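The next block holds one structure in the form of structure tokens; read it before the comments.
The values are calculated or read from the model by the stated rules, or taken from the named source; none is laboratory data. Please read all numbers here as calculations on a predicted model, not as lab measurements. Every residue, glycine among them, receives a Cβ derived from its backbone with ideal geometry; neighbour counts consider all protein chains shown. When the accessible area is computed, the model is the full protein with side chains, heavy atoms only, and any ligands, DNA or RNA have been set aside. Shrake-Rupley method; radii C 1.70, N 1.55, O 1.52, S 1.80 Å.
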Amino acid sequence: MNVRQRNFLLLVTLAAAAVTPVLGQAASPTASIPNLSGWWIHPSIPGFEPLASGPTSLSNRSRRDGMNNILQLVGDYTNPILKPEAAAVVKKFGEMSIAHFGFHNPRNQCWPNGVPFILSVGVQLLQQPDKVTMLYQVDHQVRHVRMNAQHPAQVTPSWYGDSVGRYEGDTLVIDTVGIKVGPFAMVDWYGTPQTPALHVVERYRLVDYDAAKEGLERDAKENFRAQPANMDANYRGKYLQLLFTVEDPNVFTTPWSATVTYGKPAVEWVEAVCAENPNKYGTEEDAKVPTANKPDF
């Protein structure tokens, strides 16, 4: 081996050592963490974006001018993801919606929305090395995600469940179990039931506008954009897209998935507090929300 060859091999060895972590020492934990922080808006109702194929979320059987009729939330109880008992529940709520102009759900009853019900709401992400905090615009709802952690052997049920997260390349993955079943708990706006076996996996990543456009088109096809001016329609930067998967063997025949495509807001964050009023749905039964006997001032 001549001197030139020996020097070349030495340079290659030194370069490899410079980019290789010391044995037993991990690379910088921030090297592959995507920056998902900030406020992301999704002003659509009911909000889930059914996939073009495969097991996916329910659509509304009630249409008006070809669009989702949000005044009548009649979930498609023929969707094959539903077990017969769950299909019967969805059908019952749909009939109530047609006859009574609605039914109780966690949103209109000022109740914790739970997961995955809450996922279509605008969210602000706060990323820290050991946790991610998710602030939802509706009624000051908050979730705490423990990063690089495990679920405890015995999970104490809570409204938003026990959420643990990790990063897989450019994707934030959140795994949630132990979601509490309350009096108005449901998976979606169509009244799909849930049980303590509910398991939700969320995958958040930034996508270019061209990729986001496909999700936004599915959103427009199935959902009603309640406040279209709240989202910046001219924005062509990165969007935040959530792909989530739901499992509950007591309710569903198979795991199913859907997306939520969040855009950039065109307005400031506004305070949205659930109204304390006795909503009625075609009957004399008042909604079970706190009511004041006299004015506060």
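Please identify every one of the trypsin sites (Lys or Arg not before Pro) in the range 188-283 that sits in a loop by DSSP and has no more than 14 other beta carbons within 10 Å of its own beta carbon.
Numbers: sites: ARG203, ARG205, LYS213, ARG218, LYS221, ARG225, ARG236, LYS238, LYS280; in loops: ARG236, LYS238, LYS280.
In loop regions of the range 188-283 (DSSP not H, G, I, E or B), the sparsely surrounded trypsin sites (Lys or Arg not before Pro) are ARG236, LYS280.
Spatial offset of the range 34-57 relative to the range 93-165 amounts to 14 Å, using the alpha carbon center of each.
So for HIS151, HIS140, what's the accessible-area order with a 1.4 Å probe, most first?
Values: HIS151 55, HIS140 110 Å².
Of HIS151, HIS140, the descending order of accessible area is HIS140, HIS151.
The chymotrypsin sites (Phe, Trp or Tyr not before Pro) found in the range 97-177 that occupy coil by DSSP, while having at most 15 further C-beta atoms within 10 Å, are PHE101.
Using the beta-carbon distance between SER32 and ASN148 and R0 = 22 Å, what value does 1/(1 + (r/R0)^6) give for FRET efficiency, to the nearest 0.05? Kindly include the intermediate steps, with their values, before the conclusion.
Values: r = 13 Å, r/R0 = 0.60.
It comes out at approximately 0.95.
Rg/Rh for the range 33-139: what does it come to with C-alpha atoms and Rh from Kirkwood? Radius of gyration relative to Kirkwood radius: 1.03.
Using a probe radius of 1.4 angstrom, the carbon and sulfur fraction of the accessible surface of the range 39-126 is 59%. Our estimate of slack between GLU168 and ALA211, defined as 0.36 nm per intervening residue step minus the Cα-Cα distance, is 13.5 nm.
With respect to the cross-link table entries LYS131/LYS180; LYS92/LYS294; LYS83/LYS131; LYS91/LYS213; LYS92/LYS221, which display a Cα-Cα separation exceeding 30 Å?
Numbers: LYS131/LYS180 21 Å; LYS92/LYS294 36 Å; LYS83/LYS131 36 Å; LYS91/LYS213 32 Å; LYS92/LYS221 25 Å.
Result: LYS92/LYS294; LYS83/LYS131; LYS91/LYS213 exceed 30 Å.
Across the range 193-219, the residues whose backbone nitrogen lies under 19 Å from the label position 7 Å along the beta-carbon direction of ALA52 are 207-219.
What the range 53-140 shows is 45 Å² of accessible area per residue, with the surface traced by a 1.4 Å probe over protein heavy atoms. Taken per residue, the accessible surface of the range 145-260 reaches 45 Å², heavy atoms only and a 1.4 Å probe.
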